[in-house]
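Quick notes on the structure that follows.
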Amino acid sequence: MPSAALPTEAPTYDVAVIGLGYVGLPTALAFHARGLRVLGVDLDTGRLEDIRSGRVDLLRGDRERLRAAGDALAVTADPAAAAAADAVLICVPTPVNRHLVPDLGALSAACTAAVAHARPGQTIVLTSTTYAGATRDMLAAPLAARGLRVGTDVFVAFSPERIDPGNDRHAHEDVPRVVGGVTPRCAERAAAVLGRYAERIHRVSSADAAEMTKLLENTFRAVNIALVNEFADAAGVLGLDVMEVIEAAATKPYGFMPFFPGPGAGGHCIPCDPHYLLWQLRADRLHPPVVAAAMTAIATRPRQVVERARQVLSDAGRGLAGADVLVLGVAYKPGVEDLRESPALEVIDGLLAAGAEVAYHDPRVPELVTGGGTKLASVAPRPADLVIAHTPQPGVDLAALPHDQLVLDATYRFTGAARRVAL
């Protein structure tokens, strides 16, 4: 497993990756798999121990890369060690706070550390999703204040991460990297670094353009998720199968991309990234109504699940208070153990607030703590007054339940229950 890097004895690394989470660790492994000398930096010593012991949530290919890397992949909690690398990639979380305002704490700390330990000749690439202009504000300007000439002494760029946790159909190196530099020379240097593992590089005119690219990608997804959820509601009212409609629309070879309805949107991107755009545009007195409405619709979807559960139980002749409810799948998407922003947490809190007795089953999430502080542990699938199909985790289906089990399908993907009702 990865070794501990001692800054005072550190060799020269080709790449240092600051932040070894869902994005940073696979990125470090992708570089290492191409024969580069890689240093991983993370302030969370518990995370480092998990990496050293292999106790991390990774796709099969990345797990194999981690095993193959062994002690050759050095990891440390000391950001100063990154000074020994030719290139530094910053891959830290950029969430929003409870007021939906960007929380730039981790990003600011990582950029401050990178600036403090930067040396002439180094290339620094920010990959964390952020507002347009952040690379200039948080890296280029402080480096210049240190007396380092950006584009001559040091090279600064933005290249948005495009890792899709739980999706093993696209290897990291197969997904094109967008690169925008603070100067053309910066873009050239960053493209050379990322091109050592990525098969395709798409250069844009500036770091700001690259930052805006990522905001467009995820805002596009958010708006379409909100739209398809509305279509699902409309199809239900009209007595139609929305999945049949989507499948039919997807036969059009141009002008349409299928999105699928569900209980909301979770993870580190969709519930957060569009708020960076909204926050930045508010400062410029621009209020994009479509984006704002989409984010509101997504945020209210979990409450809709709770109200639909109340209605379904009422139609069956009982109330939600005191009802035994089992939630199937709680991770924010299939194939991961990640609970960040998962709609399931709000759904469970809403059910508990209504007086329901709630349990959940998810083979990838052995235990959880809801936003309201309730601690739960995963149970085996079992009959209940109501089963809510929330996340279609691999291996989670309705086969273990009675055929006449009452199921509220918030995913529109579960089959096999005679008493299945769609959200």
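Every number in this text was worked out from the coordinates using simple rules, so none of it is lab data. What you see is a predicted model, and the numbers here were worked out from it, not measured in a lab. For neighbour counting, all protein chains shown are included, and Cβ atoms are generated from backbone atoms with ideal geometry for every residue, glycine included.
Using the count of nearby Cβ atoms within 10 Å as a rough guide to exposure, how do Glu346, Glu337, Glu357 rank from fewest to most?
Values: Glu346 23, Glu337 17, Glu357 14.
Ascending number of Cβ neighbours within 10 Å: Glu357, Glu337, Glu346.
Near the amide H of Gly40, under 5 Å away, which other amide H atoms are found, from residues 5 or more places off or on another chain, if H is placed in the peptide plane?
Val17, Ala74, Val75, Thr76
Using the Kirkwood formula on the Cα atoms of the range 207-423, what hydrodynamic radius do you get, in angstrom to one decimal?
Numbers: mean 1/r = 0.0549 Å⁻¹.
In the range 207-423 this quantity evaluates to 18.2 Å.
Using the reciprocal of the averaged 1/r over all distinct C-alpha pairs, how large is the Kirkwood radius of the chain in Å?
After inverting the pairwise mean of 1/r, the radius is 23.0 Å.
Compare Arg318, Arg301, Arg189 in a GNM of the chain, Cα atoms joined below 10 Å, and give the one with the largest fluctuation.
Of Arg318, Arg301, Arg189, the Gaussian network model singles out Arg318 as fluctuating most.
Distance from a point 7 Å along Cα→Cβ of Val379 to each backbone N in the range 306-349: keep the residues under 14 Å and list them by number.
Residues 322-329 fall inside that zone.
Would the range 33-99 count as rounded, prolate or oblate if I go by the C-alpha gyration tensor, calling it rounded below 1.5 in a/c and otherwise prolate when a/b exceeds b/c, oblate otherwise? Each step should come with its number before you reach the end.
On the way: a/c = 1.72, a/b = 1.20, b/c = 1.43.
Oblate shape, in that a/c is at least 1.5 and b/c is the bigger or equal ratio.
Which of rounded, prolate, oblate describes the range 170-303, given a ≥ b ≥ c as roots of the alpha-carbon gyration tensor eigenvalues and a/c under 1.5 marking rounded, otherwise prolate only if a/b is larger than b/c?
oblate
Where Lys and Arg each count +1 and Asp and Glu each count -1, what net charge lies around Cys91 among other residues with Cβ under 11 Å from its Cβ? Numbers along the way, then the final one.
On the way: positive: none; negative: Asp42, Glu161.
Charge balance in the 11 Å sphere: -2.
Note down the relative contact order for the chain as a percent, whole number, built from C-alpha pairs under 8 angstrom at least six residues apart. Spell out each step's value before the answer.
Details: 873 pairs, mean separation 45.6, N = 423.
Over the chain, the number comes to 11 percent.
Restricting to DSSP loop positions (anything but H, G, I, E, B) with no more than 12 other Cβ atoms inside 10 Å of their own Cβ, which chymotrypsin sites (Phe, Trp or Tyr not before Pro) remain in the range 200-256? Each step should come with its number before you reach the end.
Numbers: sites: Phe220, Phe231, Tyr254, Phe256; in loops: Tyr254, Phe256.
Sparse-neighbourhood loop chymotrypsin sites (Phe, Trp or Tyr not before Pro): Tyr254, Phe256.
Just to confirm my numbers, what's the Cα centroid distance between the range 143-178 and the range 252-325 in Å?
Cα centroid to Cα centroid, the span is 30 Å.
Considering only the other residues whose Cβ falls under 12 Å of the Cβ of Pro102, what net charge follows from Lys and Arg at +1 and Asp and Glu at -1? Display every interim value, and only then the final one.
Numbers: positive: Arg282; negative: Asp103, Asp273.
Combined, the nearby Lys, Arg, Asp and Glu give -1.
Is the C-alpha gyration tensor of the range 3-205 telling us rounded, prolate or oblate? Criteria: a/c under 1.5 is rounded; beyond that, a/b larger than b/c is prolate, otherwise oblate.
Details: a/c = 1.33, a/b = 1.26, b/c = 1.06.
Rounded is the answer for the range 3-205, as its axis ratio a/c remains below 1.5.
Please report the antiparallel percentage of DSSP beta bridges with both residues in the chain, rounded to the nearest 5.
Values: 6 of 49 bridges.
Counting DSSP beta bridges with both partners in the chain, the antiparallel share is about 10 percent.
With charges set only on the Cβ (+1 for Lys and Arg, -1 for Asp and Glu), what does the dipole of the range 3-205 come to about its Cα centre, in debye to the nearest 20? Before the final figure, lay out the partial values.
Numbers: 22 positive and 22 negative charges, 91 e Å.
With only Lys, Arg, Asp and Glu charged at Cβ, the dipole is about 440 debye.
Take the chain, connect every pair of alpha-carbon atoms lying under 10 Å apart with a spring to form a Gaussian network, then pick out the residue of His390, His268, His117 with the largest mean-square fluctuation.
Evaluated over the chain, the most mobile residue of the options is His117.
Taking H as built 1.01 Å from N, whose amide H comes closer than 5 Å to the amide H of Arg420, not counting residues under 5 places away?
Correct list: Val407.
How far, in degrees from 0 to 90, does helix 343-353 lean away from the longest principal axis of the Cα atoms of the chain, to the nearest 10?
50 degrees
Karplus couplings for the range 177-194 from phi (6.51 cos²θ - 1.76 cosθ + 1.60, θ = phi - 60°), rounded to Hz, Gly and Pro as x?
Along the range 177-194, the couplings run 9, 8, 10, x, x, 5, 9, x, 5, 4, 4, 4, 5, 5, 4, 5, 5, 5 Hz.
Grab the Cα-Cα distance for Leu216 and Ala316, subtract it from 0.36 nm times how many residues apart they are, and report the gain in nm with one decimal.
Details: separation 100, 0.36 × 100 = 36.00 nm, distance 4.36 nm.
Fully extending the segment from Leu216 to Ala316 adds 31.6 nm.
How far apart, in nm, are two points set 7 Å out from the Cα along the Cα-to-Cβ line at Ala209 and at Glu307?
4.4 nm
Apply the Karplus parameterisation 6.51 cos²θ - 1.76 cosθ + 1.60, with θ equal to phi minus 60°, to every residue of the range 226-242 and state each ³J(HN,Hα) to the nearest whole Hz, in sequence, with x for glycine and proline.
The phi angles translate into 4, 5, 5, 5, 5, 5, 4, 4, 5, 4, x, 4, 8, x, 10, 8, 5 Hz.
Once amide H atoms are built 1.01 Å from N in the peptide plane, which residues 5 or more positions from Ala389, or in another chain, come under 5 Å H to H?
Hits under the 5 Å cutoff: Leu328, Leu408, Asp409, Ala410.
Only four residue types carry charge here, +1 at the Cβ of Lys and Arg and -1 at the Cβ of Asp and Glu. Report the dipole size of the chain about the Cα centre in Debye, rounded to the nearest 20. Each step should come with its number before you reach the end.
Numbers: 40 positive and 47 negative charges, 158 e Å.
Dipole magnitude for the chain comes out near 760 debye.
Kindly write out, for the range 294-308 in residue order, the coupling ³J(HN,Hα) from the Karplus curve 6.51 cos²θ - 1.76 cosθ + 1.60 (θ = phi - 60°), rounded to whole Hz, with x marking Gly and Pro.
Rounded to whole hertz, the list is 4, 5, 5, 4, 5, 5, 8, 4, x, 5, 5, 4, 4, 5, 5.
Could you pull out the trypsin sites (Lys or Arg not before Pro) across the range 111-169 that fall in loop regions by DSSP (anything but H, G, I, E, B) with no more than 10 other Cβ atoms inside 10 Å?
Numbers: sites: Arg136, Arg146, Arg149, Arg162, Arg169; in loops: Arg146, Arg149, Arg162, Arg169.
For trypsin sites (Lys or Arg not before Pro) across the range 111-169 that sit outside H, G, I, E and B with at most 10 neighbouring Cβ atoms in 10 Å, the list reads Arg169.
Students often forget the sequence filter, so: which lysines lie under 21 Å Cα-Cα from Lys375 once same-chain residues fewer than 8 apart are removed?
The reachable lysines, counting only those whose Cα sits under 21 Å from Lys375, are Lys333.
In percent, how large is the relative contact order of the range 227-324, given Cα pairs closer than 8 Å and 6 or more residues apart?
Working: 50 pairs, mean separation 20.4, N = 98.
The normalised contact order for the range 227-324 reaches 21 percent.
What angle do you read, to the nearest 10 degrees and between 0 and 90, between the alpha-carbon axis of helix 273-283 and the longest principal axis of the chain?
Approximately 70 degrees, to the nearest 10.
In percent, what relative contact order does the range 207-423 have, based on Cα pairs under 8 Å that are 6 or more apart in sequence? Could you put the intermediate results ahead of the total?
Values: 375 pairs, mean separation 39.9, N = 217.
Computed value for the range 207-423: 18 percent relative contact order.
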